[in-house]
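The values are calculated or read from the model by the stated rules, or taken from the named source; none is laboratory data. Just so you know, these numbers come straight off a predicted model, no measurement behind them. We place every Cβ from the backbone using ideal geometry, glycine too, and count neighbours over all the protein chains shown. The protein model used for the area step is the full one, side chains on, heavy atoms only, and it has no ligands, DNA or RNA in it. Shrake-Rupley method; radii C 1.70, N 1.55, O 1.52, S 1.80 Å.
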Amino acid sequence: MKGESKLMDFPYLSNWYVEDEEIQKFQDATYREFVKLCKNEDGIIEMNSLLNSEWMLRTYCASKMIMAATLLLNSAEYSIEKNLLITVPYLQYYAMFCAARAFLYVCPYRNTSDIPNLMVTSHEKVLKTTYNEIKNHLNKKLAEKIEKMLFTLKGQRELFSYKFPATGLQELVDYEDVVTYCAILAELTELESEQIEKVYKKKILSNSNGDWMILDEDIMKYTFTYFINSEKNKVLEVVDWDDFYRVARHCKYPQAIISTITEGMAEDFFGAWAKNEDDTEDIFNPDDNWQRIFPLP
């Protein structure tokens, strides 16, 4: 792949039918679009706290979606191996849904200041927008393949959420195909995030006083505060202190996903799902296969 990334390899995109020229155009278009977002009414690049905070949030959340997709895929593989097939439609669909959300979090064509709605984007909108952005800015055939897989997985998950046929799971979606599409979405997310970081380094860091690095608390709280409908007409706000710690100590402007996800961040994320300390071969180990779809540290 001829893309200008020097941070990682892109094995899944490299083995797909996306031309090198398309990848380069995708990168260039992402760069130009984010530059547009950074311009004020006079056409001058001017970063501010609100915009910087939003893209800090987007990059951090995209990073977690890639790790979530990895965890879900590894859980699906374990379920297949153990013949626990009832869980597989759910795990495979949400793995790819998380990968698609990661892609959209750092997509500069869909900028919004409505952070609450950004955090709970509907399934329908995620599927539709993912298809449109890949079709319009990269490759139509790839967009169609990803859309078809997302709808297939969504349909299978819904089949066992609402109707539950007596014959059970007649045909399992190929696990390796799901891994491939999740990995492609993760690699596209990395390409986007690298271009966003590039704009900061080329256009912003050397031409501003840095006041924009003071993060907006009302925006950043959505990276570590979770709103749970615990009772009718009552929403419970829960703070995740691991998220708070990671955001508080992170760089004050968006970086590439591969730089955002530190080793400690990955260890904490996957380690949170290792509740059983009994070291037996038969139990699911969340610390296995971190690099299933992305070169996590």
Over the chain, what is the relative contact order in percent, taking alpha-carbon pairs closer than 8 angstrom and at least six residues apart?
28 percent
If you build a Gaussian network model of the chain, linking Cα atoms that sit under 10 Å apart, which residue out of THR189, THR225, THR180 swings the most?
THR225
Just from its helices, what would the mean residue ellipticity at 222 nm be for the chain, if runs of 4 or more DSSP H residues each count -39500 (n - 2.57) and the sum is divided by every residue, rounded to the nearest 500 deg cm²/dmol?
-17500 deg cm²/dmol
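Classify the stretch 113-159 from the C-alpha gyration tensor, please: rounded if a/c falls under 1.5, else prolate or oblate depending on whether a/b exceeds b/c.
In terms of gyration-tensor shape, oblate.
How much accessible area per residue does the chain have, in Å², with a 1.4 Å probe?
On the way: 15540 Å² over 297 residues.
Using a 1.4 Å probe on heavy atoms only, each residue of the chain averages 52 Å².
Can you tell me how the chain classifies by the Cα gyration tensor, rounded, prolate or oblate, using a/c under 1.5 as the rounded cut?
Values: a/c = 1.68, a/b = 1.37, b/c = 1.23.
Here the chain falls in the prolate category.
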Helix 175-199 sits at what angle to the longest principal axis of the chain, using alpha carbons and giving 0 to 90 degrees rounded to 10?
10 degrees
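Cross-link list LYS141/LYS203; LYS140/LYS201; LYS82/LYS275; LYS135/LYS221; LYS36/LYS203; LYS39/LYS64: which exceed 22 angstrom alpha carbon to alpha carbon?
Result: LYS141/LYS203; LYS140/LYS201; LYS135/LYS221; LYS39/LYS64 exceed 22 Å.
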So how tilted is helix 20-37 from the main axis of the chain? Cα-based, degrees 0 to 90, rounded to 10.
60 degrees
Rough spin-label spacing in nm, given labels placed 7 Å along Cα→Cβ, for GLU176 and ARG249
4.0 nm
Mind listing which GluC sites (Glu not before Pro) in the stretch 159-218 are in a DSSP loop and have 16 or fewer other Cβ atoms within 10 Å?
GLU171
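Which trypsin sites (Lys or Arg not before Pro) in the stretch 51-158 sit in a loop by DSSP (not H, G, I, E or B) and have at most 14 other Cβ atoms within 10 Å of their own Cβ?
On the way: sites: ARG58, LYS64, LYS82, ARG101, ARG110, LYS125, LYS128, LYS135, LYS140, LYS141, LYS145, LYS148, LYS154, ARG157; in loops: LYS82.
Of the trypsin sites (Lys or Arg not before Pro), the ones in loops of the stretch 51-158 whose Cβ has at most 14 other Cβ atoms within 10 Å are LYS82.
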Hey, in the GNM for the chain with a 10 angstrom Cα cutoff, which one of ASP211, ASP240, ASP42 fluctuates hardest?
ASP42
Would the stretch 169-255 count as rounded, prolate or oblate if I go by the C-alpha gyration tensor, calling it rounded below 1.5 in a/c and otherwise prolate when a/b exceeds b/c, oblate otherwise?
oblate
Counting only the backbone N, which residues of the stretch 223-259 are under 20 Å from the spot 7 Å out from the Cα of SER122 toward its beta-carbon?
229
